[in-house]
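> Here it is, the structure, as structure tokens.
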Amino acid sequence: QVPADIMSGVTSLGGPGVLEVRGCQETPAGLAVQLRRPEAFRRLLGSPSVPSPSPPPSGPRVVLHCPALRRPAALRPRHLRPLLLADHLAQLLRAQGVSVRLVPALPEEGSREVLRQLRIDWPSSSGGLALLDAISALKQALGRSPCAAACEQALGAAALPEDVICKVHLKSFVEEQGLVGYDPNLDVLLVTEEKLRSLAELQQAVLQCTVSNPVALPAFRFRDLISFCQGSCCSSIVHVVSCEEEFQQQQLDLLWRILDPGAHTALQKHLVCGPVKVTNPSSPIGADQYFQLRKHQMYEASVMKYGELAEDEAWTEVIDTLTVAAIRFEMLSTAHRSQITLDLEDSSISTKGTKSGAFVMYNCARLATLFDTYQRAVERGTYPPRPPASELNFSCLREEGEWLLLFNYLLPFREVLQQAAQLPPPSKGIRITANTEMVCKFLIQLSMDFSSYYNRVHVLGEPFPHLFDQMFARLQLLGAVRDVFHSALATLHLPPLSQI
């Protein structure tokens, strides 16, 4: 039974995010709510979209740290996962008005090319003199810390590396501070120059959050800037790490807290990615080999489907984009804490199935082809130009697939992006989770429902005047769907395809 005041309350609901209710009816299953569909279409599609205002410069700030880039050896697929996640999360946060700093700077050699191929947008500039100054300040703090002790070589023990500066007792620090969530096996850390450099880069990124002109930062001395970082200059510092790197990052987390006991170091959180299992490898495979393998599979599949067309030079960029889409969806459509299994001998991910990035890009290209076909028909005089949105007759949209596109995708799209970018509030533990996989899942489901609708409905019908109202309303709806595709793909650094 549904109380009468509930029924009257639902029918009288109003507001910018509330669709107009036609009526309510009590059923054996509960309350059935009927909406005024033409009014819902008109509200969402009947006026040009208003661009979002620019976020204020003093909005939230987040530092995203990805230790995988510090590897001297070649990157492997398991290192790509946190990199792709950090790159995607940065785009999602920026879309919500958050200022994002990415750390560390891209090294001069090694991983640059594979990151360029995967369209990972990562800064490459280093701190210069300011970084050296920060390292020097950390060494001074190390000499004053009660947790640090000189490394004494025990008789018969293996020689310590030459770059070891001293050792720091992490376990006693964790117990004294009452810190929660750290690995109980953390004990003594051998501090090296490279570890101090990593902390110095993090410090610089935090300091840049408080400087209006980051380009001018290297011109100042570190000790002159440290006073700017009193209080919460960042919303959080998120270490995006693989599960294999988690222990080492916890060590650096604690070392930073010891050497720089400011409010910002207490904001550290760890976003841990699950393992990446590679099946059927003939030998350990690098990230560049993984990319080339998927690209070859995509090329072979395109030739099989499109014939000689796919061998044209114009398809090079298309195949590259499809390869990036396949890899990004392979890595990001699963919750970051879960395991991913890569079957390198299975090419189905790049050609078939409704859950691949190629399938999403294919449907995005179908939309581009639709509007290109319509525009060329207008230029030939076959169809008239579309009238303004305010003059369209949305009561022509009677297909259930049209309502699904509006209700399940256009209406909640902004909320999906907000939830995907949402970082949990500070808590006692150090681990956090994010819902970044929501974007890939949203795009996959949208592609499935759009494909079903597009295969069933002939959008560009015969050029008869009595059919134009329905055609224009459908084009307006699909134009909004296209905008959603483009906005969501932008968070994945994927350009929309105009052909496929």
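The values are calculated or read from the model by the stated rules, or taken from the named source; none is laboratory data. Just so it is clear, the structure is predicted and the values come from calculations on it, not from any experiment. Because the Cβ atoms are built from the backbone with ideal geometry, glycine has one as well, and the counts that use them run over all protein chains shown. Only protein heavy atoms, including side chains, enter the accessible area calculation; ligands, DNA and RNA are left aside. Shrake-Rupley method; radii C 1.70, N 1.55, O 1.52, S 1.80 Å.
> Which of S8, V18, G46 sits farthest toward the positive end of the charge dipole of the range 4-46, with +1 on the Cβ of Lys and Arg and -1 on the Cβ of Asp and Glu?
G46
> Something else now. Rolling a 1.4 angstrom probe over the protein chains, ignoring ligands and nucleic acids, what is the accessible area of S333 in square angstrom, nearest 10?
Taking all protein chains as shown, S333 has close to 30 Å².
> Under a 1.4 Å probe, what is the accessible area of the range 4-46 per residue, stated in Å²?
Heavy-atom SASA per residue in the range 4-46 reads 64 Å².
> Determine Rg/Rh for the range 373-415; Rg is computed over alpha-carbon atoms and Rh is the Kirkwood hydrodynamic estimate from the same atoms.
1.11
> Restricting to DSSP loop positions (anything but H, G, I, E, B) with no more than 15 other Cβ atoms inside 10 Å of their own Cβ, which trypsin sites (Lys or Arg not before Pro) remain in the range 238-339?
Details: sites: R257, K269, K277, R294, K295, K305, R328, R337; in loops: R337.
Qualifying residues, ordered by number: R337.
> F485: net charge of surrounding residues, Cβ under 14 Å, Lys/Arg +1, Asp/Glu -1, itself excluded?
Working: positive: R366, R482; negative: D449, D483.
With Lys, Arg at +1 and Asp, Glu at -1, the neighbours total 0.
> How long are the three semi-axes of the equivalent ellipsoid of the range 4-46, in whole Å, if each is the root of 5 times an eigenvalue of the C-alpha gyration tensor, listed from largest down?
Working: eigenvalues 96, 28, 8 Å².
They are 22, 12, 6 Å, listed largest first.
> Follow-up. Using the Cα centre of the range 4-46 as the reference point, and only Cβ charges (+1 on K/R, -1 on D/E), how large is the resulting charge dipole? Debye, rounded to the nearest 20.
280 debye
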